[in-house]
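The values are calculated or read from the model by the stated rules, or taken from the named source; none is laboratory data. Computed from a predicted model, the values in this text were never measured in an experiment. FYI the Cβ positions are ideal-geometry reconstructions off the backbone, even for glycines, and counts take in every protein chain you see.
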Amino acid sequence: MLDGCHMKLAKRMNIIKPSGTIAMAEKARSLERSGRTIYHLDVGEPDFDTPAHIKEAAIQAIKSGFTHYTSSRGILELRQAISEDLSKRSIEANPEREIIVTPGAKHALYCSCLATLNPGDEVLVLAPTWPTHFQCVEIAGARAIEVPCGAAYCLDEEALKARLTDKSKMILISSPNNPTGGIVDKNDIKTIVDLAVDHDLLILSDEVYDRIVYNGLNVRSVASFDDARERSIVINGFSKAYAMTGWRLGYAFANEKIIEAMTRLQQSTTTCPASFIQKAGVSALKGPQDLIEKTESWRFSFEGSTRLNRKDG
């Protein structure tokens, strides 16, 4: 057996920090087990169960023997359903060449960074944001450059321009934003697109909260802008909107070259998403869309936590 002093980990592990949100969630669960009442403001976990028709689709897939490997891009049926869903947001995506299904949106983020970034590249990250965004960039060998946003995640155009260099490769945005809940409005997105075009940058857009929107606000995907379509990578998934966090099902939309590279990465890592879970994804997109009721339940939670914070603060 090797002594600990000779068991040296890879230097890249210095980049990967323990997840603060997961640590907080585990602490909260421990307190709950001890009988404490806990209000969860940690991980993005819906407080309702996966809809019955989605669970039933997975059960039927298992019973019918749909339990083998699938295409590393995901089953075509699901990619077609994703394409149809994207078209509702003014994004026309070829399901055979421009979409990849992944075991969770986080894996799509990592694959997109590994497929497009080189050591020394710089990524302009609109902040505050989910800490994993920084780690995805840094594990790919690139440097994450934080770009502070104004209140409610409003773009500070001058701050973004000031951080542009000849090493800039990508702009990373998260809208609706985790953790602020702010939305990048269409004028700010147009500014980002124009800068990306002028400086030949990619745009990585994390849109996993795009259905959790209150007060009639609209979310505009960066890829819906004609000038941005070929340089955009859109990340989304099923965890938040369909209460499928534990199922681990996400996807990415990008141009054919990027998706092909991400497919090779997936072939060499996870191979493919679980087959029967992909069938559940089809049911999620094609089945009942009771998202308004779920969004309303989150709005009440949001308003309640806001009142609680004001009371304690």
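Before moving on, here are some points about what is shown:
- Candidates ALA28, ALA52 - the one that is farther than 30 Å from ALA144 by Cα, surrounded by 10 or more Cβ atoms within 10 Å (Cβ to Cβ) and at pLDDT below 80: ALA28
- In the stretch 27-54, residue farthest from ALA243 (Cα to Cα) [restricted to those that are touching an Asp or Glu at 6+ places or on another chain (Cβ under 9 Å) and either among the β-branched types (Val, Ile, Thr) or outside any loop (DSSP other than H, G, I, E, B) (or both)]: LYS27
- Residue that is modelled with the highest pLDDT, among those in the stretch 1-22 that are in a helix (DSSP H, G or I) and touching a helix residue (DSSP H, G or I) at 6+ places or on another chain (Cβ under 9 Å): ARG12
- Filter pass, ILE139 being crowded, with 19+ Cβ neighbours inside 10 Å and either within 25 Å of ASP227 (Cβ to Cβ) or of a type outside the set (Asp, Glu) (or both): no
- Options ALA108, ALA57, ALA61, ALA81: the member that is touching a residue at least 40 places away in the same chain (Cβ under 8 Å) and within 30 Å of ARG143 (Cα to Cα): ALA108
- The lone exception for ILE189 - which of (1) buried (at least 19 other Cβ atoms within 10 Å of the Cβ); (2) over 22 Å from the mean Cα position of the chain (by Cα); (3) of a type outside the set (Gly, Ala, Ser) it fails: (2)
Yes or no, residue by residue, for (1) at pLDDT below 80; (2) loosely packed, with under 15 Cβ neighbours inside 10 Å; (3) assigned to a loop (DSSP other than H, G, I, E, B):
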| site | (1), (2), (3) |
| --- | --- |
| MET24 | yes, yes, no |
| GLU56 | no, yes, no |
| TYR69 | no, yes, yes |
| ILE82 | no, no, no |
| ARG89 | no, no, yes |
